[in-house]
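I have placed the structure first, in the form of structure tokens, so that the comments after it can refer back to it.
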Amino acid sequence: YQNAMQEAPREEQIAALEKILEQARADNRPVPPGLHAHLGLLFARGGDGVAARGHFLEEKALYPAAGPYMDFLLRSKEAAR
């Protein structure tokens with residue numbers, strides 16, 4: 001995860017995180033906390049509010065402790081687009 005996030009362009013970060021997500025699902029392993037939130041932020045910054053919202057909701061469902069922050073992000077202008 002850290003290697004994927006070292007100042008890489010947004011598109012590369014998305015691809016790297018999606019690969020981690022796919023691998024976790026293929027191995028029937030839990031998705032690391034924050035992965036969906038990070039993907040959501042990357043999509044929101046790129047103007048894809050639909051994808052951002054989906055990842056924020058998924059993070060909230062998987063990790064209820066993240067709920068208040070995900071609710072905040074869901075109310076943000078980027079996620080509303």
Hits in segment 22-49 (condition: out of contact with any Phe, Trp or Tyr (no Cβ under 8 Å at 6 or more places or on another chain), in contact (Cβ under 8 Å) with a residue 24 or more places away in the chain and open to solvent by 70 Å² or more (accessible area, probe 1.4 Å)): 30, 45
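Checking the conditions here, which among 15, 65, 52, 8 is of a type in the set (Gly, Ala, Ser) and open to solvent by 80 Å² or more (accessible area, probe 1.4 Å)? It would help to see each step written out before you state the result.
Working: 15 fails: open to solvent by 80 Å² or more (accessible area, probe 1.4 Å); 52 fails: open to solvent by 80 Å² or more (accessible area, probe 1.4 Å); 8 fails: open to solvent by 80 Å² or more (accessible area, probe 1.4 Å).
After applying the criteria, what remains is 65.
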Where a residue in segment 65-77 is closer than 11 Å to residue 53 by Cβ and its partner, wherever it lies, is among the hydrophobic types (A, V, I, L, M, F, W, C) and surrounded by 15 or more Cβ atoms within 10 Å (Cβ to Cβ), with Cβ under 6 Å and at least six apart: 70/56; 73/56; 73/79; 74/56
Selection within segment 68-78 - open to solvent by 70 Å² or more (accessible area, probe 1.4 Å) and among the hydroxyl-bearing types (Ser, Thr, Tyr): 69
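The values are calculated or read from the model by the stated rules, or taken from the named source; none is laboratory data. Because the structure is predicted, anything quoted here is derived from the model rather than measured. Here Cβ is always computed from backbone atoms with ideal geometry, including for glycine, and neighbour counts include all displayed protein chains. Just so you know, the surface numbers come from the protein's heavy atoms only, side chains and all, with ligands and any DNA or RNA stripped out. Shrake-Rupley method; radii C 1.70, N 1.55, O 1.52, S 1.80 Å.
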